[in-house]
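Nothing in this text is a laboratory measurement; each read-out follows from the coordinates by a stated rule. The structure presented is a predicted model; accordingly, all values stated were derived computationally and were not measured. Cβ: placed from backbone, ideal geometry, glycine included. Neighbour counts: every protein chain shown.
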There are 2 protein chains.
Amino acid sequence: MNVTGAGAILQALRDRRPRTRSELAELSGLGRAAVAQRLDALLATALLAPVGEAASTGGRPPTRFAFNPDARVVLAADVGATHVRLAVTDLSARVLASDGVDVDIGRGPTHVLAWIVDHGRALLDRVGRRQDELAGVGIGLPGPVEFATGRPVNPPIMPGWHDFDVVAFVGSRFGCPVVVDNDVNVMALGERHAAFRDVDHLLFVKVATGIGSGIVIDGQVRRGAQGAAGDMGHVHVPHESDAVCRCGNVGCLDAVASGAAIAAQLAERGVPARARRDVADLVRAGSTLADQLVRAAGRTIGEVVATAVSLLNPSVMVIGGSLARAGESLLAGVREVVYQRSLPLATAKLDIVAAAAGDQTGVVGAAALVCDTVLAPERVEADLSRLTVAAGR
Amino acid sequence: MNVTGAGAILQALRDRRPRTRSELAELSGLGRAAVAQRLDALLATALLAPVGEAASTGGRPPTRFAFNPDARVVLAADVGATHVRLAVTDLSARVLASDGVDVDIGRGPTHVLAWIVDHGRALLDRVGRRQDELAGVGIGLPGPVEFATGRPVNPPIMPGWHDFDVVAFVGSRFGCPVVVDNDVNVMALGERHAAFRDVDHLLFVKVATGIGSGIVIDGQVRRGAQGAAGDMGHVHVPHESDAVCRCGNVGCLDAVASGAAIAAQLAERGVPARARRDVADLVRAGSTLADQLVRAAGRTIGEVVATAVSLLNPSVMVIGGSLARAGESLLAGVREVVYQRSLPLATAKLDIVAAAAGDQTGVVGAAALVCDTVLAPERVEADLSRLTVAAGR
């Protein structure tokens, strides 16, 4: 069966606006007979469903069709150094249920991924959905990932994960597509999905124990030639500190402005702070010193962000992560430097804001990544028969 | 007539490999009858032509079809501050004839563009092609351009050009599409077309009187939210100099490492050099001081390039412009800092090279931009009847 155009029809409907056959013919460039045939194929998958009635132009009102995000579900996992958040979402990345549990990533991939599989099944049960209703699984990992294969590449805080075939391990257990990306890319997607759906140029910077960024250009996360794009933490910044970075270089942004670096600066000044959480707690508790150090870190981060703004000309720059949630100081420091440094053409319409999506950013982004992958037009057309069989209930 | 898929067929054939009807059916996902109808439509435009014979599987050998880059021509203009280069190319951006003439951009858009129109017509005559065979005109301008409209946006060295409707002025005279972009984006495309056609992630840096960059990510030039992406010249760099940039800020890369900045540094040291050409001439003549200053400029540029490499993870970084052509010093300075600063994952497979395409980079890039625009699948399908009528000769 020729289904060319079915993918485009579904793609157009993902904006949630119902449309008539004529509107779909116009959108897809297909004739009426071809539209009818593609609609039948899509209706058989339940990804699309007829809805109410269109404004009549006389005679019988035409049926309208809409995307049905409940046709399938997505399992999303946001894996951190010591914590995993899981969620089941619909096909618009809306969270139906979620759960967060402490899991040590250092226990290795088979332990952590088996945990995700078990708890993922339990979470599906909780919302009353079956495993064969999964459209896909999305996983964000705290390290570099080769996106095409889903394999971690020498991830510094993930012993035992290098080159592990995450897709095969999880895919074989769930029997569905698995998409793996690094956590900051996934957070950038989650923030865009939650608050900036119409923004095509967005820079997301996460400031927690370390510093990283996710870059959305022309509506897509850009990962670069080896998937290393957005590696802001190891950009060199001019700084009086001679702190050595965990990468071995001196003067990396990570070594002078991350949560770990600020904790070390506090400890040097006699204030015990062992981790970024302590830093955030001190800021919230009103520590002037902690607040000053966080603001200074914001200015240093702002120097790198100013360069990124000149190079990429985004319209929104979002700052997230635990340090950004501790108050306004980090954001104020970033803004101070970026608006001073960058040219008016690049900053006149630039919004610099704190992340809005909170704890769920990662799982929402991982789910959005799965939806964009499995609902991509060419993928839908290739998978139609499989989708139809699986939907037969 | 339904021509959905005709654009995809033409797109697939742009790799110059001839294909049979069966191969095109497989590539496009269309049935044999649909492929035959799309082929007829494309053959009527001459954009596609039947060629030799395929290896026979017994019986009559099937006809193969290939993209015909001679079906139309492109006029390309690379406009500099004092010089315009013009070329007529085929639809694969191959230069058929070219010409360079001194023209002062300060005389304003109507003067410069009327010159381009007149000399463009003469150049078409020289290669024996008619104006109605033009597929489009591509123009690179030395300043910020709003790509969607082709209008310059407050270009600093182009008095009278702000917001001028270049597309309407040129398009009304030639009766064809006109694409306008800034000169560095066009050079990035030209360099990719000439030497790195399979490279999807390329950073091009031009070092001449000023410094700018063109960014290719996932195979496309990325221009950002307002078309200001790649503005490397006004990135702030740590430097002992307090030279004020023409933008009003202190410490911009342009103010400390451009051809103009090096000329000023030479003049301060008693060596008369008024412009980047003098700097390049001094380097070629063996001036140790000029060579040292150019290498130091390369290191300073390398600091910004290192940040761009961390953020974008390109696989090729090309350095061009008159200063790059003056010898190895600029490139050596850039390499020194980038390989020291960036993480192994981003530099292990990174080539840092001097531009290969020379004087023609700009016109080749402008022509490639026109070809990619007018031969884009949706554009081809929308324009098929116009293309067919115009080709009727």
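Report the gain in length on full extension from B:Glu26 to B:Asp70: 0.36 nm times residue separation, minus Cα-Cα distance, nm rounded to one decimal.
Contour length minus Cα-Cα distance gives 13.2 nm.
Normalised by 2.2 N^0.38 Å, with N the number of residues, the alpha-carbon radius of gyration of the range B:196-356 equals 1.00. On a per residue basis, the convex hull of the C-alpha atoms belonging to chain B measures out at 160 Å³.
Using θ = phi - 60° in the Karplus curve 6.51 cos²θ - 1.76 cosθ + 1.60, the 3J(HN,Hα) couplings for the range B:202-211 round to 9, 10, 10, 10, 9, 10, 9, 4, x, 10 Hz; x is entered for Gly and Pro.
Summary of packing: across the peptides A:289-302, A:9-22, A:251-264, the per-residue average of other C-beta atoms within 10 Å ranks them, highest first, as A:251-264, A:289-302, A:9-22. Compared with the dominant Cα axis of chain A, that is its longest principal axis, helix A:288-312 is turned about 50°.
Over the whole of B:300-311, what's the average partner chain Cβ count within 10 Å per residue? Rounded to a whole number, please.
What the average comes to for B:300-311 is 5.
Distance between the modelled labels on B:Gln292 and B:Asp165, one decimal in nanometres: 5.6 nm (7 Å Cα→Cβ projection). Inter-chain neighbour count for A:216-228: the average number of beta-carbon atoms from partner chains within 10 Å of each residue's beta-carbon is 6. For the range B:25-133, a simple Cβ point-charge model (Lys and Arg +1, Asp and Glu -1, everything else neutral) yields a dipole of about 340 debye relative to the Cα centre. As a rough guide to protection, the peptides B:323-332, B:184-193, A:187-196, A:35-44 ranked by mean Cβ packing within 10 Å, highest first, stand as B:184-193, A:187-196, B:323-332, A:35-44. Taken along its three principal axes, the alpha carbon spread of the range B:177-251 comes to 41, 26, 22 Å, from the longest extent down to the shortest. Can you give the percent of C-alpha pairs in the protein assembly as shown whose distance is more than 38 Å? Here the tail beyond 38 Å accounts for 46 percent of pairs. At q = 0.08, 0.09, 0.11 Å⁻¹, work out log10 I(q)/I(0) for the range A:1-145 with the Debye formula, treating every Cα as an identical point scatterer and leaving solvent out; two decimals please. Once normalised to I(0) and log-transformed, intensities are -0.33, -0.41, -0.56.
Straight-line cross-link reach from A:Lys206 at under 28 Å between alpha-carbon atoms covers these lysines, not counting any fewer than eight positions away in the same chain: A:Lys349, B:Lys349. Rounded to the nearest 20, the Cβ-based charge dipole of the range B:6-67 about its Cα centre (Lys and Arg +1, Asp and Glu -1) stands at 40 debye.
Magnitude of the charge dipole for the protein assembly as shown, about its Cα centre and with charges confined to Cβ atoms of Lys, Arg (+1) and Asp, Glu (-1), is about 1360 debye. From helices alone, the protein assembly as shown scores -13000 deg cm²/dmol at 222 nm; the rule is -39500 (n - 2.57) for each run of n ≥ 4 DSSP H residues, then divide by the residue total.
Rounded to the nearest whole Hz, the Karplus-based 3J(HN,Hα) values (6.51 cos²θ - 1.76 cosθ + 1.60, θ = phi - 60°) of the range A:83-100 follow the sequence 8, 10, 10, 10, 8, 9, 10, 8, 7, 10, 6, 7, 6, 9, 7, 8, 7, x, with x at glycine and proline. Counting neighbouring Cβ atoms within 10 Å and putting the fewest first, the residues A:Val137, B:Val74 line up as A:Val137, B:Val74.
For the range A:110-166, the set of trypsin sites (Lys or Arg not before Pro) satisfying both a DSSP loop assignment and a count of at most 16 other C-beta atoms within 10 Å is given as A:Arg130. Across the range B:319-327, rounded Karplus estimates of 3J(HN,Hα) from the backbone phi angles (6.51 cos²θ - 1.76 cosθ + 1.60, θ = phi - 60°) give 10, x, x, 4, 5, 5, 7, 7, x Hz, Gly and Pro being marked x. Shielding value for B:368-377 is 0, the average number of Cβ atoms from other chains within 10 Å of each residue's Cβ.
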